[in-house]
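Undergrad: Structure provided below as structure tokens; questions to follow.
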Amino acid sequence: MLDADFFRRWMAATAASVDREAERLTALDSPIGDADHGSNLLRGFRAVTATLEKESPDTPGAILTLAGRQLISTVGGASGPLYGTLLRRTGKALGDAAEVGEDDFAQAFRTGVDAVMTLGGAAPGDKTMIDALVPAVDALGDGFAAARAAAEEGALATTPLQARKGRASYLGERSIGHQDPGATSSALLVAALAEANGE
């Protein structure tokens, strides 16, 4: 069973990972975006960390809902609303339970990913964060390590794609050959899930 401490560890591991990878995310964003993906997420997850230290939500759902709200209010660009929606909708789907099973989490996370697809209008193959999140959700039934591998593979697979959504889509064919920064940061989020579980 996954308790509130697990979800705190997940957010802490994500924040640490974004901290380490912020420059790489911004470098990936430079040729096809606004060159601010890393700095935006860094600001957002630092705010999440600070908020979770100040406030002490005691259920998995409350932790994710608070983290999502914080990302929406502190991160500029598209990534704040998208990541914020992912975590908030996942948190709301978990409800008020003090502990959740891995199957319940997988279902809730799918709800969050579906909400991101609705908000951004993106589908798999559009060269967005969805290309990492959908394979991860599909693999969650086999455990967090399987989800991490699927997300990383999905992020790498965005390189040959032409962007059909988001800022990168304005570049047309020039977006081909660049790994999508949103898919890359989504893979970090999923990898942090496995790390929080000691995998």
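Undergrad: Is it the case that segment 12-19 has a residue that's part of a helix (DSSP H, G or I), open to solvent by 10 Å² or more (accessible area, probe 1.4 Å) and in contact with a Phe, Trp or Tyr (Cβ under 8 Å, 6 or more places away or on another chain)?
TA: Taking every residue of segment 12-19 in turn, at least one turns out to be part of a helix (DSSP H, G or I), open to solvent by 10 Å² or more (accessible area, probe 1.4 Å) and in contact with a Phe, Trp or Tyr (Cβ under 8 Å, 6 or more places away or on another chain).
Undergrad: Out of the residues in segment 172-199 that are open to solvent by 40 Å² or more (accessible area, probe 1.4 Å) and not small (Gly, Ala, Ser), state the one that is modelled with the lowest pLDDT.
TA: Arg174
Undergrad: Hey, can you tell me all the residues within segment 87-143 that are of a type in the set (Ser, Thr, Tyr) and either in contact with a helix residue (DSSP H, G or I) (Cβ under 7 Å, 6 or more places away or on another chain) or more than 18 Å from Gly77 (Cα to Cα) (or both)?
TA: Thr90, Thr111, Thr128
Undergrad: Within segment 20-45, take every residue that is over 17 Å from the mean Cα position of the chain (by Cα) and open to solvent by less than 50 Å² (accessible area, probe 1.4 Å) and give me the one that is farthest from Leu64 (Cα to Cα).
TA: Ile32
Undergrad: Tell me, yes or no, whether segment 147-158 has at least one residue that is polar (S, T, N, Q), open to solvent by less than 40 Å² (accessible area, probe 1.4 Å) and free of Cβ contacts under 8 Å to residues at least 40 places away in the same chain.
TA: Within segment 147-158 (the criterion being polar (S, T, N, Q), open to solvent by less than 40 Å² (accessible area, probe 1.4 Å) and free of Cβ contacts under 8 Å to residues at least 40 places away in the same chain), the answer is yes, since at least one residue qualifies.
Undergrad: What is the number of the single condition among (1) part of a helix (DSSP H, G or I); (2) without any contact (Cβ under 8 Å) to a residue 60 or more places away in the chain; (3) under 24 Å from Glu152 (Cβ atoms) that Arg9 does not meet?
TA: Of everything listed in (1) part of a helix (DSSP H, G or I); (2) without any contact (Cβ under 8 Å) to a residue 60 or more places away in the chain; (3) under 24 Å from Glu152 (Cβ atoms), Arg9 misses just condition (2).
The values are calculated or read from the model by the stated rules, or taken from the named source; none is laboratory data. As the structure is a computational prediction, the values presented were derived from the model and not from experiment. For neighbour counting, all protein chains shown are included, and Cβ atoms are generated from backbone atoms with ideal geometry for every residue, glycine included. SASA here: full protein model, heavy atoms, side chains in, ligands and nucleic acids out. Shrake-Rupley method; radii C 1.70, N 1.55, O 1.52, S 1.80 Å.
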